[in-house]
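The values are calculated or read from the model by the stated rules, or taken from the named source; none is laboratory data. Only a predicted model underlies this, so the values are computations on that prediction, with no experimental measurement involved. A quick note on method: Cβ atoms are made from the backbone with ideal geometry, for glycine too, and the neighbour counts reach across all protein chains shown. The protein model used for the area step is the full one, side chains on, heavy atoms only, and it has no ligands, DNA or RNA in it. Shrake-Rupley method; radii C 1.70, N 1.55, O 1.52, S 1.80 Å.
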Amino acid sequence: MSDTFYITTPIYYVNGTPHIGHAYTTIAADVVAEYMRMTGRPVRFLTGTDEHGQKVLEAAAKRGMTPKAHCDDMVVRWKAMMERLQIRYDRFIRTTDADHESVVTAVLQKLWDADEIYKATYTGWYSTSAERFWTEKDLVDGKCPDTGQPVTEITETNYFFRMGKYGEQLMAHIEANPDCIQPSSRRNEVLGFLRKGLGDLCISRPKSRMSWGIEMPFDPDYVTYVWFDALLNYMTGTGYHPESPAEGWDSWWPASAHLIGKDILTTHAVYWTTMLMAMGQPLPQTIYAHGWWIAGDGQKMSKSLGNTIEVDLLVECFGLDATRYFFLREIAFGADGTFSYEGFLSRYNVDLANDLGNLAHRGLSMTTKWLGGTVPPSSAPTDAEVALQALAASTVQTFDASMKGLQFHKALVAVSDLVGAGNKYVDAQEPWSLNREGKTERLQTVKRHVLELCYLAATLLLPVMPNKAAELLSKLGRTPDDARDSLRALLASGGSSALDGLVEGTAVTVGDPLFPRFREMPEPIAALFAAPEEEAPAEPQLSKRQLKKLKRQKKKAPPAPPERIEYADFAKVALKVGRVLEAEAHPDASKLLVLKVDVGEESPRQIVAGIRARFEPGDLIGRSVVVVANLAPAMLRGVESQGMLLAAGGTEVLDLVSVDAPPGEVVR
Ligand code: MSP
């Protein structure tokens, strides 16, 4: 198999301005493309804009512009967004590019000649919002199943692609190639869709109804359906052309990965793959559908609700690198993510300011203060260094496997774990004592290991945080090119050369903190939420009897939570995902259960929970729960409880809070 790596993002509709959805996929693609470049693979990274079809036509009309003029104007904004996010694409394709239009025309002609396309009259329900026909049975409450918008019944003569005949072949391909659609839940979704039977696909629009598209080569009264045109961009991006392909185009095809959002799975996993079958081309190695970012309040994001994720504002306040890091670290690629600015702030402070920033600062400042500011030598390792070395080697392997599997989240957790271990190592080795006691050789060994850990972290983080990683590298007297060489050597050695990347005697510099800590929400973001001050309601006047009654009631009920708390108060509670391993009745209390819960620590916690009225012990084994992990331990009827479970229900338990995430994962 060829060593090349070809990755694509969806091409974006230019009917509005870029937003988080666009930024998210593009950042993910950029990170993996850069990582693959670092490992030495030839990379091609394609992104761009989808410019034909009704949506864009309508957006142009609203602005009183021709569609092409509108697109030219919007593309500038898209490219600017990509520049702000430091996206290193190899080509920005536009579906109005001449080479792309020529590919679409030639493919259509070829498929028409091969009888893969036919003309027919069809009655169906057309959804303008989804730009496609639906059959009666597809509709949900008489509306478009994808967008929930109204549909109109249209009888029309059109051109159809014989997609239906490829249904079986596609199912067989998906069965035989488990990685071709990821995550696996999406693969099952596609198989389910195919099992219902696959029809043919309408791939034209009469110009009389919608004229903004690529003309059908065999009928000037029609233009090509926007998706048929758009999907072919992935082939144009390689240099493919049915008649005049560019030399070497096929070194890029099949694509290594198409990154898409889950809402455009069918068009990619079914329309695109069957189009390729008809064209006689191999199918992409992976179509990876990621989840959606939704607003923290659970509502759909919209400017008018003021709950959008303002990527530019995040970049302005926290910097580009932290923004790129957050989106890939916060949720598993494939899952939906709930966004909140508080969550962003705390992820920034914990992972970047406290953990990574702190490790770097400790390594660099103590080396400068006590060891003359150069990379010290390392002498005989103790068990602590041997353990660090083993962790570093396994981190490299986990990081590499996770990046290749597009598991950005896992890759970054591995780096966080390494950094965490580094900080613990400093705490345990107490370099300040070594310095005080004049144990210079040991101090040198410890500091060398801390600096090496920083070098390894900067190397692995380079594709994600190109500027901050370069800054850290420079503080260590190294460059991004050094880091690239080191990574290749590390991968070749299976990670065994980790912690041996610095050059003894090289000057290091402390400089400014890499990630200054934020004690409060940066002003421009806080301003988004500043509510106008309301007048305090007048205190009600109560009689003595009423006051007494109120006091009694207050005594009986648990204290009601205050109406508002500061984020800092909430942040004191450490919530973690747990998995129930064992459950049994409390020996001495009928309402209590005693559970063993794995919260991702060395050994499971024992938690006593008052949920016996609602759950039998057997109901709970294997169940995911949310645990208050930093609650002081308490004895409950003689059994120690090392935490608490979150449950729903005021006076009686209705259910336990469950989330779909591995034990130990933080819940916020
Ligand atoms: N033009 C088509 C794609 C054609 S590819 C041959 C299209 N464009 S789009 O601009 O509407 O959407 C592009 C991508 O943005 C989709 O993958 C979609 O999933 C993603 N997102 C839009 N909003 C999103 C979020 N709120 N969160 C994450 N991604 C989401 O579809």
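Overview of values
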{"item": "Residue match in segment 361-383 (condition: open to solvent by less than 60 Å² (accessible area, probe 1.4 Å), of a type in the set (A, V, I, L, M, F, W, C), in contact (Cβ under 8 Å) with a residue 60 or more places away in the chain and over 21 Å from G477 (Cβ atoms))", "result": "no"}
{"item": "Any hit, segment 109-130, residues being of a type in the set (D, E) and under 29 Å from G16 (Cβ atoms)", "result": "no"}
{"item": "Boolean, L490 is under 28 Å from the mean Cα position of the chain (by Cα) and in contact (Cβ under 8 Å) with a residue 12 or more places away in the chain", "result": "yes"}
{"item": "Checking D263 against (1) within 22 Å of L198 (Cβ to Cβ); (2) within 12 Å of the ligand (Cβ to nearest atom); (3) modelled with pLDDT of 95 or more, the condition it does not meet", "result": "(3)"}
{"item": "Elements of type strands (runs of 3 or more DSSP E) contained in segment 54-152, each with 3 or more residues being touching a Lys or Arg at 6+ places or on another chain (Cβ under 6 Å)", "result": "none"}
{"item": "From the options R187, R209, R195, R132, residue that is closer than 30 Å to T286 by Cβ and open to solvent by 60 Å² or more (accessible area, probe 1.4 Å)", "result": "R195"}
{"item": "Selection count, segment 474-515, where residues are buried (at least 22 other Cβ atoms within 10 Å of the Cβ) and aliphatic (A, V, I, L, M)", "result": "9"}
{"item": "Unmet criterion (only one of (1) under 30 Å from N435 (Cβ atoms); (2) open to solvent by less than 20 Å² (accessible area, probe 1.4 Å)) for S402", "result": "(1)"}
{"item": "Of the criteria (1) at pLDDT below 85; (2) surrounded by 10 or more Cβ atoms within 10 Å (Cβ to Cβ); (3) closer than 30 Å to G618 by Cβ; (4) not hydrophobic (A, V, I, L, M, F, W, C), which one S590 fails", "result": "(2)"}
{"item": "Residue satisfying condition, being out of contact with any Lys or Arg (no Cβ under 8 Å at 6 or more places or on another chain) and either more than 30 Å from T338 (Cβ to Cβ) or part of a helix (DSSP H, G or I) (or both), within set S603, S590", "result": "S603"}
{"item": "Residue in segment 315-323 that is part of a helix (DSSP H, G or I), in contact with a Pro (Cβ under 6 Å, 6 or more places away or on another chain), away from the ligand (no atom under 14 Å from the Cβ) and touching a residue at least 60 places away in the same chain (Cβ under 8 Å) present", "result": "yes"}
{"item": "Among (1) of a type in the set (S, T, N, Q); (2) part of a helix (DSSP H, G or I); (3) modelled with pLDDT under 95 - the single one N307 does not satisfy", "result": "(2)"}
{"item": "Residues that are more than 8 Å from the ligand (Cβ to nearest atom) and within 12 Å of the chain's Cα centre (by Cα), drawn from segment 7-31", "result": "A23, T26, I27, A28, A29, V31"}
{"item": "Pick from segment 33-43, criterion in contact with a strand residue (DSSP E or B) (Cβ under 6 Å, 6 or more places away or on another chain) and not in a loop (DSSP other than H, G, I, E, B), ranking: farthest from the ligand (Cβ to nearest atom)", "result": "R37"}
{"item": "Index of the failed condition, N158 passing every other in (1) farther than 30 Å from E243 by Cβ; (2) surrounded by 12 or more Cβ atoms within 10 Å (Cβ to Cβ)", "result": "(1)"}
{"item": "Count - residues of segment 266-288 that are under 24 Å from A28 (Cα atoms) and more than 16 Å from the ligand (Cβ to nearest atom)", "result": "1"}
{"item": "Yes/no for R612 being at pLDDT 85 or above and assigned to a loop (DSSP other than H, G, I, E, B)", "result": "yes"}
{"item": "Check on A393, free of Cβ contacts under 8 Å to residues at least 60 places away in the same chain and open to solvent by less than 40 Å² (accessible area, probe 1.4 Å)", "result": "no"}
{"item": "Members of segment 330-345 found to be open to solvent by less than 20 Å² (accessible area, probe 1.4 Å), in contact (Cβ under 8 Å) with a residue 60 or more places away in the chain and more than 14 Å from the ligand (Cβ to nearest atom), listed by number", "result": "Y341, G343, L345"}
{"item": "Segments classed as helices (runs of 4 or more DSSP H), wholly inside segment 334-446, with at least 2 members that are modelled with pLDDT of 95 or more and more than 27 Å from the chain's Cα centre (by Cα)", "result": "358-371, 383-404, 408-429, 431-436"}
{"item": "Scan of segment 225-253 for residues that are more than 13 Å from the ligand (Cβ to nearest atom) and open to solvent by less than 40 Å² (accessible area, probe 1.4 Å), ordered by number", "result": "T238, G239, Y240, H241, P242, G248, W249, W253"}
{"item": "Filtered residue count, segment 45-85, keeping only those that are away from the ligand (no atom under 13 Å from the Cβ), surrounded by fewer than 21 Cβ atoms within 10 Å (Cβ to Cβ) and farther than 15 Å from P18 by Cα", "result": "10"}
